[in-house]
Amino acid sequence: MNKGFAGLAALVLLAASGAQEATAFDFPKWPEALGGKKESPQTPGATTDCPVIVAEDGAQMLRAPAGADAASVHHQVSIKNIARECILNGDQIVIRVGVEGDAMLGPAGAPGSYGGTIRVALRQTKDDSIVSSKNYRINAVIPANGTRADFSLLAEPLSAPANGKAQEEYEVLVGFTEGLADAADKPARGRKKGRR
């Protein structure tokens, strides 16, 4: 099976099964190109008390055209991995977030540049209020004769008061803004959380 066919088969499976939940992992394992570290020593001040990543329903994948059947999908852009590292800086907790994903062509697609806007935000759990939020434009270029391309994002650090246990006080939200708009039109289905 060639790579193009394998990629196409994977897209058809995704188109049939719906959005794929992003996974979360520790930031020191993040590729060095994103500012993470592969070696074991942590950043000075790093703490394991880090907010959980929330992968909200409908916001981890963009498919064009929206709602297309498997044979009519042009392309799909997906968030695959989300990483974070937390550092205590005085009375503040600083959270670094990295995102990794890809763009994949569907049966109706063609090589080119594909992307979307990703929101990285910090939310208080007690009242669901947003402490800080920023949008980032990502892009993946699928070359001629290719079927997929990767993208990566290292967001600006989030910070908030370290008043108590960060895992209980805050959540990190990561998702496509276009996906959030689509999800708002659907009945609430809860939210998916990455591992701590």
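Conditions first: (1) outside any strand (DSSP E or B); (2) under 18 Å from HIS74 (Cα atoms). GLN167 passes all but one, so which condition is the exception? Against the list (1) outside any strand (DSSP E or B); (2) under 18 Å from HIS74 (Cα atoms), GLN167 comes up short only on (2).
Cβ-Cβ distance below 7 Å, separation of 6 or more or different chains: which pairs start in segment 112-124 with a residue that is touching a residue at least 12 places away in the same chain (Cβ under 8 Å) and end on one that is of a type in the set (Ser, Thr, Tyr) and surrounded by 19 or more Cβ atoms within 10 Å (Cβ to Cβ)? These pairs meet every condition: LEU122/TYR170; ARG123/TYR170; GLN124/TYR170.
Among the polar types (S, T, N, Q) and at pLDDT below 95, is that true of ASN139?
Numbers: among the polar types (S, T, N, Q): yes; at pLDDT below 95: no.
Judged against the criteria, ASN139 is not a match.
With respect to being under 15 Å from the mean Cα position of the chain (by Cα), more than 13 Å from VAL172 (Cβ to Cβ) and among the polar types (S, T, N, Q), ASN145 falls outside the description.
So, of the residues in segment 148-161 that are under 15 Å from the mean Cα position of the chain (by Cα) and surrounded by fewer than 15 Cβ atoms within 10 Å (Cβ to Cβ), which turns out to be nearest to ILE79 (Cα to Cα)? Let's see the steps before the verdict.
To start, the set of residues in segment 148-161 that are under 15 Å from the mean Cα position of the chain (by Cα) comprises 150-156.
Going one step further and asking which of them are surrounded by fewer than 15 Cβ atoms within 10 Å (Cβ to Cβ), we end up with 150, 156.
On the way: ASP150: 10, GLU156: 18 Å.
Filtering segment 148-161 for residues that are under 15 Å from the mean Cα position of the chain (by Cα) and surrounded by fewer than 15 Cβ atoms within 10 Å (Cβ to Cβ), the one nearest to ILE79 (Cα to Cα) comes out as ASP150.
The values are calculated or read from the model by the stated rules, or taken from the named source; none is laboratory data. The shown structure was predicted, so the numbers you read here are calculated from the model rather than taken from an experiment. Backbone-built Cβ (ideal geometry, glycine too); neighbour counts: all protein chains shown.
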